[in-house]
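Undergrad: Once you've had a glance at the structure underneath, I'll fire off some questions.
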Amino acid sequence: MLKNIDPLLNADILHALCAMGHGDEVVICDANFPADSVARQTVLGKLLRIDGASSPRAIRAVLSVLPLDSFVDHPAERMEVVGDASALPAVQREAQREVDDAEGRDTPFASIERFAFYERAKKAYCVIATGEARGYGCFIFKKGVELAADAPEIAK
């Protein structure tokens, strides 16, 4: 057992998140998403799982170790509700709170149309499937960099 690592993060997930580079993307999806077929087309080429957890809980675990990209306008994105792009289901509102808490600031989701989301997910580094039973619990996060405390500041 490791200290200070969220217990939802298994060895395969930790390895994938560590191997990702700045700008690579991770998909966290609900149980309705075609996770296995999409994951086979990603850089990693296989599906990762956090069974039994909701999407917001999985996001909390992943963002406990994954910095979001501060050099882009929207490092966090959500799947749009079909027919109502501005709708925010409960699962997305809960996920938004997890993102904001992890970042220590408001980091609003950008939205992606459903079929565009599928295509974008195929280009991600990896897909993590959750046990989220609610629809629209699908998100994309862009990895940033975490500077060491003694590293020189980089101007944004």
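Undergrad: If you take the residues in the range 1-30 that are in contact (Cβ under 8 Å) with a residue 60 or more places away in the chain and part of a loop (DSSP other than H, G, I, E, B), which one is nearest to Lys123 (Cα to Cα)?
TA: Of everything passing the filter in the range 1-30, Asp24 is nearest to Lys123 (Cα to Cα).
Undergrad: If I filter the range 1-17 down to residues being surrounded by fewer than 19 Cβ atoms within 10 Å (Cβ to Cβ) and hydrophobic (A, V, I, L, M, F, W, C), which single residue comes out as modelled with the lowest pLDDT? If you could, list the steps in order and put the result at the bottom.
TA: To start, the set of residues in the range 1-17 that are surrounded by fewer than 19 Cβ atoms within 10 Å (Cβ to Cβ) comprises 1-8, 10-12, 14-15.
Of the ones still in play, those that are also hydrophobic (A, V, I, L, M, F, W, C) are 1-2, 5, 8, 11, 14.
Working: Met1: 70, Leu2: 80, Ile5: 96, Leu8: 97, Ala11: 97, Leu14: 98.
Ranking the qualifying residues of the range 1-17, first place goes to Met1.
Undergrad: Which one is surrounded by the fewest Cβ atoms within 10 Å (Cβ to Cβ) among residues in the range 102-137 that are out of contact with any His (no Cβ under 9 Å at 6 or more places or on another chain), under 19 Å from Asp73 (Cα atoms) and among the hydrophobic types (A, V, I, L, M, F, W, C)?
TA: So the residue we want is Ala116.
Undergrad: Same structure, new question: Among Val99, Val81, Val65, which is surrounded by 14 or more Cβ atoms within 10 Å (Cβ to Cβ), at pLDDT 95 or above, more than 24 Å from Arg134 (Cα to Cα) and of a type in the set (Val, Ile, Thr)?
TA: Values: Val99 fails: more than 24 Å from Arg134 (Cα to Cα); Val81 fails: more than 24 Å from Arg134 (Cα to Cα).
Only one candidate qualifies: Val65.
Undergrad: Can you report the number of residues in the range 18-62 which are under 24 Å from Glu80 (Cβ atoms), of a type in the set (A, V, I, L, M) and surrounded by fewer than 18 Cβ atoms within 10 Å (Cβ to Cβ)?
TA: 1
The values are calculated or read from the model by the stated rules, or taken from the named source; none is laboratory data. Small disclaimer: the values here were computed from a predicted structure and weren't measured. As a convention, Cβ positions derive from the backbone with ideal geometry for all residues, glycine included, and neighbour counts pool all protein chains shown.
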